[in-house]
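Below you'll find the structure, written out as structure tokens, and then a few comments.
The values are calculated or read from the model by the stated rules, or taken from the named source; none is laboratory data. As the structure is a computational prediction, the values presented were derived from the model and not from experiment. Neighbour counts run over all protein chains shown; Cβ positions are idealised from the backbone, glycine included. Remember, those area values only see protein heavy atoms, side chains included, never the ligands or the DNA or RNA. Shrake-Rupley method; radii C 1.70, N 1.55, O 1.52, S 1.80 Å.
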Amino acid sequence: MGKKYDVIVLGGGTMGVAAAFYLAKEGKKVLVIDQYSIPNTYGSHHGHTRMFRLGNGNGGQYVPLGKESLRLWKDLEEVSGKTLYQRVGALTVGHPKSEYVSEAIKSSVINDLTYEEMTASMIRERWPGIEIPDDYYGCYDPEAGFLFSEECIQTYKEEAIKLGAVVLENQAVVDLDIKSEQVTVFTTSADFTAEKLIVTAGAWIPKLLRSIDIPIKPLRKTIGWFKPTVEKLYSEGFPCFIFDTDTIGHYYGFPDFDGGGVKLGRMDLGYDCDPDTVNREFGAYEDDESDIRNFLEQYLPGAAGELVKGAASMFAMTPDEDFIIDIHPEYQNVCVAGGFSGHGFKFASVVGKILTELATKGETQYDISFLRLNRFSEVEKV
């Protein structure tokens, strides 16, 4: 029998290493297992930056979690002495009937956040690099910015190890034996036991927890970095941005803050994929570059210069695009967090805290009622 731990965390990505840090801080004996190195380019966390905003087009219920998340990211900066967060503001723009923009405004009002509602002319005047129709409108969040994603994961990993957590990289899990009093994890080289198990394996969760129906669908997504044709237009004072257009879809991006180019990706669409066989080569699909370039040419024309680099990643989607954070319906000693649907990274710090509370106390102080698994079975009954 392998070594025994209090908690084993399967998946050392964003949420997994955050959970390991908070568990180790509670004095728990923690093992993190990942089939790749940590951080890596196989899940959903690579690409250098992830947007952080408080006013949330995905729903006001996320705002309290966002506030706590920002506090915990700042705590991690203090503990580690590293810069993990860059405040540059975020602009949410959309067509007149965009529910995404109206929700960003509504969530800001209800939660007493600092925000500016802006007309198209106000947006164009403040950021001359933006071209939008006259009837578009927006919501600007001055507290928003971006997290350095790989640096965040590396820091949680390092700080967790300092507190005694064991991190096992490049070890694939081949089998799980889950019992109510103990869990055994079998990897390619050894087996390990623990009283509690946390599964944060992203797109691989349905493959690991086959006994329950976890509706997570992996989508292949692409991001590109483009060199602006106009100097300084998208760097000095330019915010992160989300555009909900009524013509070509839903896009998000980042300013050219380090000379690496304007970073752009698409929120909607994507290709169904298997996480083990997905084509990770940018350009493998005909529209990998043309789709995002088309957006730039229409809405940020001065940013549509040469492609500096491109990358393919995955979103782990749920049917309603809200996360799954819950205790396993059959085993109280197993917690699961996944299906972050392309907007989860900013919450990693608070998700780590939530998972620590669920694993150690069986409940959490945070409101995750809208993220529970049973919402899917309720939908089926209707």
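Accessible surface for His250 stands near 30 Å², nearest 10, in the context of the full protein assembly shown (1.4 Å probe).
Taking every DSSP beta bridge that has both ends in the chain, the antiparallel portion is near 70%. Membrane-span-like helices in the chain (whole DSSP H runs, Cα extent of at least 24 Å along the helix axis, mean Kyte-Doolittle hydropathy of at least -0.5): 63-80. Exposure check, 1.4 Å probe, all protein chains in place: Arg293 carries approximately 50 Å² of accessible surface. Under 22 Å between alpha carbons, and skipping anything fewer than 8 positions from Lys263 in its own chain: which lysines qualify? In chain and number order, the partners are Lys221, Lys227, Lys232, Lys309, Lys346.
Across region 263-382, C-alpha contacts under 8 Å between residues 6 or more apart give a mean separation that, scaled by the residue count, equals a relative contact order of 19 percent. Helix-only arithmetic for the chain: the sum of -39500 (n - 2.57) across DSSP H runs with n ≥ 4, divided by the residue total, places the mean residue ellipticity at 222 nm at -8000 deg cm²/dmol.
Relative contact order, percent, of the chain when contacts are C-alpha pairs under 8 Å separated by at least 6 residues?
Working: 858 pairs, mean separation 86.6, N = 382.
With pairs under 8 Å counted, the relative contact order is 23 percent.
Here region 289-373 exposes an accessible surface that is 44 percent carbon and sulfur, computed with a 1.4 Å probe and the other protein chains kept in place. With θ taken as phi - 60° and the Karplus curve 6.51 cos²θ - 1.76 cosθ + 1.60 applied, the whole-hertz 3J(HN,Hα) list for region 248-260 is 10, x, 10, 10, 9, x, 9, x, 7, 7, 10, x, x Hz, x standing for glycine and proline. Per-residue 3J(HN,Hα) values for region 137-147, derived from phi via the Karplus relation 6.51 cos²θ - 1.76 cosθ + 1.60 with θ = phi - 60°, read 8, x, 10, 9, 10, x, 7, 6, x, 9, 9 Hz in sequence order (x marks Gly and Pro). Here Lys179 is the anchor, and the lysines within straight C-alpha reach of less than 25 Å, apart from those fewer than 8 places off in the same chain, are Lys3, Lys4, Lys28, Lys29, Lys196, Lys207, Lys353, Lys361.
Average accessible surface for region 94-200: 46 Å² per residue, computed with a 1.4 Å probe over protein heavy atoms with every protein chain in place.
For a Förster distance of 35 Å, can you work out the FRET efficiency between the beta-carbons of Asp112 and Arg375, rounded to the nearest 0.05? Don't skip to the end; give the middle numbers.
Details: r = 28 Å, r/R0 = 0.79.
E(calc), rounded to 0.05, equals 0.80.
Rolling a 1.4 Å sphere over the protein heavy atoms, what is the accessible area per residue of region 241-382, to the nearest Å²?
Details: 5820 Å² over 142 residues.
Dividing the accessible area of region 241-382 by its residue count gives 41 Å².
Connecting C-alpha atoms closer than 10 Å in a GNM of the chain, tell me which of Gly224, Gly12, Gly249 has the biggest fluctuation. In this elastic network of the chain, the residue with the biggest mean-square fluctuation among Gly224, Gly12, Gly249 is Gly249. Residues whose amide H falls under 5 Å from that of Met118, counting only those 5 or more places apart or on a different chain, are Gly138, Cys139, Tyr140, with hydrogens built in the peptide plane.
What percent does the relative contact order of region 217-315 come to when contacts are Cα pairs within less than 8 Å and at least six residues apart? Walk me through the intermediate numbers first.
Working: 181 pairs, mean separation 44.9, N = 99.
Relative contact order comes out at 45 percent.
Reducing region 234-300 and region 98-135 to their Cα centroids gives an inter-centroid distance of 20 Å.
With +1 on each Lys and Arg Cβ and -1 on each Asp and Glu Cβ, and nothing else charged, work out how big the dipole of region 95-217 is about its Cα centre, in Debye to the nearest 20.
Numbers: 11 positive and 22 negative charges, 90 e Å.
Dipole size: approximately 440 debye.
Heavy-atom surface analysis with a 1.4 Å probe gives region 60-145 a carbon and sulfur content of 47 percent of its accessible area.
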